[in-house]
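Heads up: the structure comes next, in structure tokens.
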Amino acid sequence: MRRHRLVLALFALLLLLLPLVTAVADETVIGGWTPIKNIGDPHVKEIAEFAVSEYNQSQKKSLVFQSVVRGETQVVAGIKYRLVISVNEGDSLANYEAVVWEKIWIKFRKLISFNKAGN
């Protein structure tokens, strides 16, 4: 009886993992970075504004968010966003690369890194 339950549980687990197998077949690398198709998405903008705000607060700076230039996501325990963000830095524009980790179901966000982007 226990063996049948174990086989049934493994079969159910296999069915749950089927979407992951499909994602791999579609050339999506599980755990890899995937380009964000719509960088104009309001949630992406919210993540970018959060990154600039956290950086300003921790470094006592006054960068002003302008736009998201490009970005990628990575599925981890939540989602990591790696964004190139255009900011107003005094009287000039500059690009910074920010990595933000989000677990939306527990309302958790953390700025992992925020560095001036290379060309």
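The values are calculated or read from the model by the stated rules, or taken from the named source; none is laboratory data. All figures in this text were calculated on a predicted structure; none of them were measured in a lab. Neighbour counts run over all protein chains shown; Cβ positions are idealised from the backbone, glycine included. For the accessible areas, the whole protein counts, side chains as well, though only heavy atoms, and no ligand, DNA or RNA atoms are used. Shrake-Rupley method; radii C 1.70, N 1.55, O 1.52, S 1.80 Å.
Any residue that is of a type outside the set (A, V, I, L, M), surrounded by fewer than 16 Cβ atoms within 10 Å (Cβ to Cβ) and modelled with pLDDT under 95 - is there at least one of those in the range 8-21? Talk me through it step by step, then tell me what you get.
Going residue by residue through the range 8-21, those that are of a type outside the set (A, V, I, L, M) are 11, 19.
Still in the running and surrounded by fewer than 16 Cβ atoms within 10 Å (Cβ to Cβ): 11, 19.
The next check asks that each one be modelled with pLDDT under 95; those that pass are 11, 19.
Yes, that holds for at least one residue.
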Q) Could you say whether any residue in the range 60-73 is open to solvent by less than 70 Å² (accessible area, probe 1.4 Å) and among the charged types (D, E, K, R)? A) yes
Q) Taking interchain pairs and intrachain pairs at least six residues apart, which have beta carbon atoms under 6 angstrom, with the first residue in the range 91-119 and aliphatic (A, V, I, L, M) and the second outside any strand (DSSP E or B)? A) Ala98/Ala51; Val100/Ile47; Val100/Ala51; Leu111/Ala51; Leu111/Glu54
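I'm trying to understand the selection: among the residues of the range 66-86, which are out of contact with any strand residue (DSSP E or B) (no Cβ under 6 Å at 6 or more places or on another chain) and either of a type outside the set (Gly, Ala, Ser) or modelled with pLDDT of 95 or more (or both)?
Applying the first criterion (out of contact with any strand residue (DSSP E or B) (no Cβ under 6 Å at 6 or more places or on another chain)) to the range 66-86 yields 75-77.
Residues satisfying the conditions are Val75, Val76.
Which count do you get for residues in the range 40-58 that are surrounded by fewer than 16 Cβ atoms within 10 Å (Cβ to Cβ) and part of a helix (DSSP H, G or I)? I'd like the intermediate steps shown before the answer.
We begin by selecting, within the range 40-58, every residue surrounded by fewer than 16 Cβ atoms within 10 Å (Cβ to Cβ); these are 40-43, 46, 49, 53, 57-58.
In the following step, the residues that additionally are part of a helix (DSSP H, G or I) were identified as 42-43, 46, 49, 53, 57-58.
Qualifying residue count, the range 40-58: 7.
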**Q.** Count of the range 40-65 residues which are closer than 17 Å to Trp101 by Cα and either of a type in the set (Gly, Ala, Ser) or modelled with pLDDT under 95 (or both)
**A.** 4
